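Just so it is clear, none of the values below were taken in a lab; they were calculated from the coordinates. Source: prediction; values computed, not measured. FYI the Cβ positions are ideal-geometry reconstructions off the backbone, even for glycines, and counts take in every protein chain you see.
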Amino acid sequence: MVEIVLDMKKYDPKEQELISRAMNKLDNQISIIEASGTKFEKIFNNDAIKYDILGKGFYTYKFVAENSSQLRLLYRFVRNTDESYIIQCHKVEIKRRSGKDYIKKFEAYVKNFE
């Protein structure tokens with residue numbers, strides 16, 4: 001299940017659509033891996049799903065759309081007691097230049113997350 005925690009009103013309709021598509025794609029990728037018998041927690045060396053690992057259950061996801069728009073999503077994976085899960089989207093960076101400047105913002109957010 002996908003849950004968007006961030007304020008979507010900050011983004012224009014095209015960006016909102018990209019964020020939703022990215023989260024749905026991430027959810028689909030995780031669902032496929034889990035259906036094959038590998039739990040999310042046991043996924044290693046797969047930067048398609050865990051581009052960066054930031055701690056406290058937070059990860060970044062790299063999404064590239066057909067028009068070459070690039071998003072970096074800060075998401076949190078939460079496993080429920082019934083083995084289902086929730087993917088929470090906490091922050092989004094729309095990449096307009098190379099580099100990993102966004103990572104500092106993401107790390108600060110994770111550090112202050114309760």
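Values as computed for the structure displayed
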item	result
Tail beyond 16 Å, pair distance distribution of the chain (Cα, percent)	59 percent
Chymotrypsin sites (Phe, Trp or Tyr not before Pro) restricted to the range 1-107 and DSSP loop, no more than 10 other C-beta within 10 Å	Phe44
Contour excess over end-to-end distance, with Cα ends at Phe44 and Val64 and 0.36 nm allotted per residue	5.1 nm
Alpha-carbon centroid distance for the pair the range 1-37 / the range 38-101, whole angstrom	9 Å
Violating pairs (Cα-Cα greater than 25 angstrom) within the set Lys39/Lys104; Lys9/Lys39; Lys62/Lys104; Lys10/Lys39	Lys39/Lys104; Lys9/Lys39; Lys10/Lys39
Angle in degrees between helix 102-112 and the longest Cα principal axis of the chain, rounded to the nearest 10	60 degrees
Label point distance in nm, Glu15-Lys105, each placed 7 Å from Cα along Cα→Cβ	0.8 nm
C-alpha long axis of helix 13-35 to longest principal axis of the chain, angle in °	20 degrees
Value at 222 nm in deg cm²/dmol, rounded to 500, when DSSP H runs of n ≥ 4 in the chain each add -39,500 (n - 2.57)	-10000 deg cm²/dmol
